[in-house]
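Below is one structure, written out as structure tokens, with a few remarks after it.
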Amino acid sequence: MKIKNLHIYGFGKLSDVKMNLSSSIQVIYGVNEAGKSTLMAFIHGILFGFPTKQQSELRYEPKVGTKYGGNITLETKSGDIWVERVKGKAVGDVTVRLSDGTQGGEELLKDLLKHMDKALYKSIFSFNIHGIQGVSQLKGEDIGTYLIAAGTIGTDAIVKSEQQLQKELDRLFKPSGRKPELNEMLQTLKDQEKEFKKSMQYNQTYEKLQLDYQKLVQDISELQGKVAASQLEIQKLEQLKQDWVLLQERREILQSLNNIGEVTFPIDGLKRMEKLEDQLQVAANQLYVLDVRKSEYEKELTQVLPNKLIAEHEENIQLLIEKWPQIVKWQEEIIRREEEIIKWNEQMKVIKRKIHIHDMSDLPFLDLSIDMKERIRSATKDYYYLKSLQKELDKQLEIENRRLQELENQCVNLETALLNEDEYRALSENQQKYISLQKEYQHLQDQMKFIKLTKKPKQKENYLPTVFFYLLFIGFFGWSISTNQFVYMTGALIGIIILSFSVWINHKKTNEHNVSQKNHVFEAEKILAEMNKIGDKGQLFDEQQKLRQQWKGLVLEIENQQTRCQEKEQNVTVWKRDWKKVEEELGNIKEQLGLQKDFSPEQLSDAFELLNELAALDNHLKRSESLKSELIKKVANWECDLKDILGIFQIDGLSNEEGIIRLKNSLLKERENKLIYREIINKNEDVETEYLKWKNEHIVIETAIKDLLHEAGVENNEDFRKRGKDNEEIQSLQANLKMINNKINIENITIVDQFSSLNEVEEKLSINKNNVKNNNEKLSLLHKNLAAVKYEIEQLEDGGTFTEKLHEFYRSKSIFNDKAKEWAKIALAKEIIYRTMERMKKERFPKVLEKAEEFLSYLTNGEYIRLFLKQTGQFLVERVDQLTFEPDELSQATAEQVYVALRLALVEVLQDEYPFPLIIDDGFVNFDNERTKRIVQLLFARSQTSQIIYYTCHQHILQLFPQKNIYMLNEEHRYSMLK
């Protein structure tokens, strides 16, 4: 996958920026604050989403009102992919379009990027100087861990996560610690368990008191319920006693309503009847007035009659009058068109002379479209461009050929100083043999020094103690025989034997040391003689190695230069092909525009504009002639119609204007008569409508009166009024009943029937009051007993009850279990990270190490040849002389080169699974000139399989790259190719 093009709408200081990145290795150069970091953040943002406002990363939103976002075109094996991301919700709104037309959003983009997120991409495929210099900021074994992380996942974030998790585990628990939370909580649990077991012995007495307490509480509750029930009954009886008089009055009202019976009468019936009778009288009066007005309008209509002849031809007359102003304008337009026709003809003659066109018959068929204009613009642009490009291409080809010749001369001069292959091989074998003998000789020298250090020199004072002990043991042995002390005799004999064995051993070791020393001296002399025979030719060998490395570099440069020359020659071939195409295109354009073959290409755009102008003038001319003919025809038709109408009214010998005036006056007079006639008709219709309205109103009122009588169940108005008085009495009684119901307690309506008199209510009230008094006395006694039991319980609870200690113990245990679960989760997470790292070390890291060794050896010119990881997890680097170094023993630059080799190797191993571009930001500033050249050559080799984008602010780096691969980021934040 390659980043082919990008277009920045607005991102940080960059606005409306377009850039072509189709090269396999692309160098972006810019001074500080020119926008390199902004460009890198833009690529990350489009592919993986803009940072949200809650994140610490810079969002690079434009300070001015430009659009936020942009698009990137990605080149893949399956075709180009267009990705656009603009400002929207969260990480922005993304649009993805594939080469086959398929379109999607965030999910499609994640599938194309194989669900890789920004953090993982930056840790593997995007690194900068901070990541490289991070090696020098670490100490001891941390450097090895950092390099292992760089070779497995690209970042030390997972290592830092593991260390952070370990800190959390240590904060929660340590096997021998006291301060961690779980250690403190465990000690607290032990103390609480002791207190809990101690309080268990008081539990039986405590439980019996608790049962007594609960029984007393239950008895008190039951008595309180009885007292409350009696008090509620007393309250109800008191209320019934208070409402007794109103309840008796309510009973009398209900009896009166029952005597009257049910009466059906409309609501507000009397008022409604009076209102309807008044309305009926008003309607009758209105009907009489309207009859009088109708007769007057009928007399007026007979006096106004319309003219039938004018009415018959009114439409034609009106049409002629309305067209008269238009006829005047048409006559003026005919004169104007004649003037235009003369003008268009003159202008067309001028244009035809300019472009040498005499025949106008082909003009309508010429291609004067926008596409032809674009073809002319494109062809002339290519014509000017190719004309100016020819000299530049010739000059570039000459420069590249001259450079190639210089490199070949250098290579020939260098080959004269090189030994032939057989001599170099013999020199290499002799030098390796000499180094091997030198190491063997040094090893023998070290062994001889060790033998000298371990050999004890013969000293006189060491021999005298031995003789002394011999005499002592012999004297002790003789004394034990003379005294028959067999135990001491045995001890003395054993001492003599041990002393003798020790003397024999020392003598043997001395002989062995002497023999070994003689053998080593002989071997050393033999090796030294052979070394002198071979001779030390290390300086010559080193010179030949350097010369061969220089020769290889020159051969590589020659190959690159040959490629550049071929590219320039290919550019010339392409130029010739493009020039031929442009000439053919210009010829076709001239032919399609009807121009002569020798017409100048520089004047094609002007000729096209003149032809367009000529075609427009021709269209104007034809249109004017057509309109003139059409207007003359229309005026003649109108005059014919006017003559016919005047003949109908027997008017002859008038001009057009006089005839129109006569017709207009006649039409106005007839219209006035029509208006008067229509006004009388409308008034009569209004009277008819009003009459029907009042007629219907009269019928409706009569119907409403009949409905009221029917609703009341009577046949005449007198019976209706009598029934209304009975209804008013019922409403009065119901109002009194409602007032009484509002004053009394509704529940007493159902209770009152249970008592025959007020005395019976008072007797039941007295009984309930006595019950309340007796139950209150019992409650007082129970409260005294409850207080006594409660006091005994409190005596047992002075130091905390068994239940409280039990709850406290289990509560602490629950908190401890929660903390233990938290510790287990962290431990599990740490174990998962550890196993992940171990799996990567076993599966991925060996492949990465193998490739990294190759890169490191090349970067260091064969000085460091091997990287390996011990079973203990120790990371080591082996030099060419087989000495091994831990990462913290290396120089800063060499450690950084180990880091770069691992990162590039990790990308190489993951290339098949993730073929993404590699982005590097000024990563090699601490390398010397030779190793900088080597890393650049290594990047060129890597660019054959994946795209590399390299950012730098150092001008000396640019000299190592071809000019076509370099882009300059200038002050206006635009990109232009480095010339």
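The values are calculated or read from the model by the stated rules, or taken from the named source; none is laboratory data. Owing to the predicted nature of the structure, the values given are computational and were not obtained by experimental measurement. Virtual Cβ from ideal backbone geometry, glycine too; neighbours counted across all protein chains shown.
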Per-region count, segment 73-100, residues surrounded by 12 or more Cβ atoms within 10 Å (Cβ to Cβ) and either touching a residue at least 40 places away in the same chain (Cβ under 8 Å) or in a strand (DSSP E or B) (or both): 18
Verdict on K643 being among the basic types (K, R) and within 17 Å of W324 (Cβ to Cβ): yes
One residue from W638, W551, W579 being within 52 Å of the chain's Cα centre (by Cα), of a type in the set (A, V, I, L, M, F, W, C), in a helix (DSSP H, G or I) and surrounded by 15 or more Cβ atoms within 10 Å (Cβ to Cβ): W579
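Does L617 fit the bill of being surrounded by 14 or more Cβ atoms within 10 Å (Cβ to Cβ), touching a residue at least 24 places away in the same chain (Cβ under 8 Å), in the same structural domain as K352 (by TED's automatic domain parsing) and out of contact with any Ser or Thr (no Cβ under 6 Å at 6 or more places or on another chain)? Give the derivation first.
Working: surrounded by 14 or more Cβ atoms within 10 Å (Cβ to Cβ): yes; touching a residue at least 24 places away in the same chain (Cβ under 8 Å): yes; in the same structural domain as K352 (by TED's automatic domain parsing): yes; out of contact with any Ser or Thr (no Cβ under 6 Å at 6 or more places or on another chain): yes.
Considered against the rule, which asks whether it is surrounded by 14 or more Cβ atoms within 10 Å (Cβ to Cβ), touching a residue at least 24 places away in the same chain (Cβ under 8 Å), in the same structural domain as K352 (by TED's automatic domain parsing) and out of contact with any Ser or Thr (no Cβ under 6 Å at 6 or more places or on another chain), L617 comes out as yes.
If a residue has to be within 13 Å of H710 (Cβ to Cβ), β-branched (V, I, T) and either surrounded by 15 or more Cβ atoms within 10 Å (Cβ to Cβ) or in contact with a His (Cβ under 9 Å, 6 or more places away or on another chain) (or both) to count, how many in segment 259-276 make the cut?
Looking only at that region, the number is 0.
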Residue within segment 323-346 that is under 24 Å from D618 (Cα atoms), surrounded by 13 or more Cβ atoms within 10 Å (Cβ to Cβ) and outside the structural domain of S626 (by TED's automatic domain parsing) present: no
Selected residue [in contact with a Phe, Trp or Tyr (Cβ under 8 Å, 6 or more places away or on another chain) and in a helix (DSSP H, G or I)] from L667, L709, L675: L709
Pairs with Cβ under 8 Å, 6+ apart, first in segment 371-391 and farther than 23 Å from L593 by Cα, second acidic (D, E): L386/D578
Qualifying residue in segment 684-695 (condition: surrounded by fewer than 15 Cβ atoms within 10 Å (Cβ to Cβ), over 27 Å from Q279 (Cβ atoms) and of a type outside the set (D, E, K, R)): no
Pairs, first under 24 Å from M531 (Cα atoms) in segment 410-434, second among the aliphatic types (A, V, I, L, M) and surrounded by 10 or more Cβ atoms within 10 Å (Cβ to Cβ), C-beta under 6 Å, six or more apart: N430/I534; Y434/I534
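Taking the stated definitions as given, is W694 part of a helix (DSSP H, G or I), among the aromatic types (F, W, Y) and assigned by TED's automatic domain parsing to the domain that holds Q286?
On the way: part of a helix (DSSP H, G or I): yes; among the aromatic types (F, W, Y): yes; assigned by TED's automatic domain parsing to the domain that holds Q286: yes.
Spelling it out, W694 is indeed part of a helix (DSSP H, G or I), among the aromatic types (F, W, Y) and assigned by TED's automatic domain parsing to the domain that holds Q286.
Yes or no, residue by residue, for (1) surrounded by 11 or more Cβ atoms within 10 Å (Cβ to Cβ); (2) polar (S, T, N, Q); (3) in contact with a Leu (Cβ under 9 Å, 6 or more places away or on another chain); (4) modelled with pLDDT under 75:
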| site | (1), (2), (3), (4) |
| --- | --- |
| L414 | yes, no, yes, no |
| L427 | yes, no, yes, no |
| Q459 | no, yes, no, yes |
| F469 | yes, no, yes, yes |
| W479 | yes, no, no, yes |
Single condition F599 does not satisfy, out of (1) of a type outside the set (D, E, K, R); (2) more than 30 Å from Y383 (Cα to Cα); (3) in contact with a Leu (Cβ under 9 Å, 6 or more places away or on another chain): (2)
Pair list, Cβ under 9 Å, 6 or more apart: segment 224-246 residue hydroxyl-bearing (S, T, Y), other residue part of a helix (DSSP H, G or I): S230/N768; S230/K769; S230/N771; S230/V772; S230/N775
Every residue from segment 345-371 that is modelled with pLDDT of 80 or more and touching a helix residue (DSSP H, G or I) at 6+ places or on another chain (Cβ under 9 Å): N345
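Only one residue in E238, E298, E222 is assigned by TED's automatic domain parsing to the domain that holds I680, exposed (fewer than 14 other Cβ atoms within 10 Å of the Cβ) and of a type in the set (D, E), so which one is that? First the steps, then the outcome.
On the way: E238 fails: assigned by TED's automatic domain parsing to the domain that holds I680; E222 fails: assigned by TED's automatic domain parsing to the domain that holds I680.
Of E238, E298, E222, the one residue that is assigned by TED's automatic domain parsing to the domain that holds I680, exposed (fewer than 14 other Cβ atoms within 10 Å of the Cβ) and of a type in the set (D, E) is E298.
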Residue in segment 801-815 that is at pLDDT below 70 and acidic (D, E) present: yes
Test: I749 is in a helix (DSSP H, G or I) and surrounded by 13 or more Cβ atoms within 10 Å (Cβ to Cβ): yes
Selected residue (criterion: farthest from L257 (Cα to Cα)) from residues of segment 726-753 that are of a type in the set (A, V, I, L, M) and free of Cβ contacts under 8 Å to residues at least 60 places away in the same chain: I746
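May I ask you to say which residue of E625, E630 is at negative phi and in contact (Cβ under 8 Å) with a residue 60 or more places away in the chain? Steps first, please.
Numbers: E630 fails: in contact (Cβ under 8 Å) with a residue 60 or more places away in the chain.
Answer to the selection: E625.
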